[in-house]
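Asker: Below are the structure tokens for one structure; questions will follow.
All of the numbers you see were taken from the coordinates with simple rules; none came from a lab. Bear in mind that the values here come from a model prediction, so they are computed numbers and not experimental data. Backbone-built Cβ (ideal geometry, glycine too); neighbour counts: all protein chains shown.
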């Protein structure tokens, strides 16, 4: 099973981790490194809303984030190749293992084919060592002089077959590792009046907030520190989320609070919404730090 295979990879590298069914399937941490992983056999089955929430969480937590799978609708995923879905790096479990060991792939796959990132300085240096002009190199490889000029000016992607011809002619590697980045996310709007009221109160205190879903919490509040908050007026839903929220907070080392309409039993700091109105940002920080 793919999920168990990934957990074995994390365990072998001394990560602590937790499963969750939502915008991510595994959250893991080793020292200050946080990983958020979505695990799908068919990587095309990720939903856009899942990806958006995952990107939001990744940006806020400065976490390494990836979709791990085995195939798309059209092809089997290859090892040591970076794919992309909705702005999230996508790869096999074997590639993940290498990435966690800081062995970053240098092949990127899009619908247009396989690409490498040409290192502009390596290309320019190799061309000069071979005593070739840009025009001569372009002619011998079968590309335009403009192509060589642009790739010597900026480090950019190029089709894999062109890179192979360039390296064969120059007799050296001119590629760099692929950047494993996360795309931008779109803001979510609160779905309930209670969420909206809590967000407004946190903003009045001085926090900036993101509303997030498919996670054990629904609000991320930031002001020097980041606070994860589950703000629910549904006590049953709140009770269901509490164990996962506590575990997520412990693994990521990010403080969490619970905001409710009524008093509830919780191992996390809990504030009734009416009490929140009378608190300052310093008060809230003190509550969080005590936990």
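Asker: As a footprinting exposure proxy, order 144, 89 by other Cβ within 10 Å, with the fewest listed first.
Answerer: The most exposed by this proxy come first: 144, 89.
Asker: Follow-up. Count the DSSP beta bridges whose two residues both fall in the range 2-105, then state the antiparallel fraction as a percent rounded to the nearest 5. Could you put the intermediate results ahead of the total?
Answerer: Details: 13 of 21 bridges.
Of all bridge pairs located within the range 2-105, approximately 60 percent are antiparallel.
Asker: Can you grab the distance from the C-alpha centre of the range 6-25 to the C-alpha centre of the range 79-120, Å, no decimals?
Answerer: Distance between centres, Cα-based: 20 Å.
Asker: Taking the Cα centroid of the range 51-78 and of the range 154-178, what is the distance between the two, rounded to the nearest whole Å?
Answerer: Cα centroid to Cα centroid, the span is 26 Å.
Asker: So in the chain, what percent of DSSP beta bridges are antiparallel if you round to the nearest 5?
Answerer: 65 percent
Asker: Rank 142, 69, 206 by mean-square fluctuation in a GNM of the chain with C-alpha springs under 10 angstrom and give only the top-ranked residue.
Answerer: 142
Asker: Next question, about the same structure. How many percent of all Cα-Cα pairs in the range 2-105 sit more than 21 Å apart? Spell out each step's value before the answer.
Answerer: On the way: 1397 of 5356 pairs.
Tail of the P(r) past 21 Å holds 26 percent of the pairs.
Asker: Based only on other Cβ atoms within 10 Å, what is the fewest-to-most ordering of 246, 4, 237?
Answerer: Working: 246 17, 4 9, 237 12.
Taking fewest neighbouring Cβ atoms as first place, the list is 4, 237, 246.
Asker: Candidates (i) 5, 17, 23, 23, 16, 9, 5, 2, 0; (ii) 7, 28, 33, 21, 8, 2, 0; (iii) 6, 25, 25, 19, 14, 7, 4, 0; which is the computed P(r) over Cα pairs in 10 Å bins from 0, in percent?
Answerer: So the structure-derived entry is (iii).
Asker: Can you tell me the 0 to 90 degree angle between the C-alpha axis of helix 48-61 and the longest principal axis of the chain, rounded to 10?
Answerer: Between the helix axis and the principal axis of the chain, the angle is about 80 degrees.
Asker: Here is a further query. Count the DSSP beta bridges whose two residues both fall in the range 82-217, then state the antiparallel fraction as a percent rounded to the nearest 5.
Answerer: Once the DSSP bridges in the range 82-217 are tallied, antiparallel ones form about 95 percent.
Asker: Classify the range 193-290 as rounded, prolate or oblate, taking a ≥ b ≥ c as the square roots of the eigenvalues of its Cα gyration tensor: rounded when a/c is under 1.5, otherwise prolate if a/b is larger than b/c and oblate if not.
Answerer: Judged from the Cα gyration tensor, the range 193-290 comes out rounded (a/c under 1.5).
Asker: As a test of the formula, what do you get for the chain when each DSSP H run with n ≥ 4 contributes -39,500 (n - 2.57) and the sum is divided by the residue count, at 222 nm and rounded to the nearest 500 deg cm²/dmol?
Answerer: My calculation for the chain gives -12000 deg cm²/dmol from helical runs alone.
Asker: Working from Cα positions, state the angle (0 to 90°, nearest 10) between the long axis of helix 235-252 and the longest principal axis of the chain.
Answerer: Helix 235-252 sits roughly 50 degrees off the main axis of the chain.
Asker: A further question follows. At a 10 Å Cβ-Cβ cut-off, how would you order 238, 132, 228, fewest neighbours first? Show your work: numbers first, answer last.
Answerer: Values: 238 21, 132 18, 228 26.
Starting with the residue having the fewest Cβ neighbours, the order is 132, 238, 228.
Asker: Kindly identify the range 30-79 as rounded, prolate or oblate by the Cα gyration tensor criterion: order the square roots of the eigenvalues as a ≥ b ≥ c, call it rounded if a/c is under 1.5, otherwise compare a/b with b/c, prolate if a/b is larger, else oblate.
Answerer: oblate
Asker: Follow-up. Taking the 0 to 90 degree range and rounding to the nearest ten, how far is the long axis of helix 281-290 tilted relative to the main principal axis of the chain, both from C-alpha atoms?
Answerer: Once rounded, the angle reads 90 degrees.
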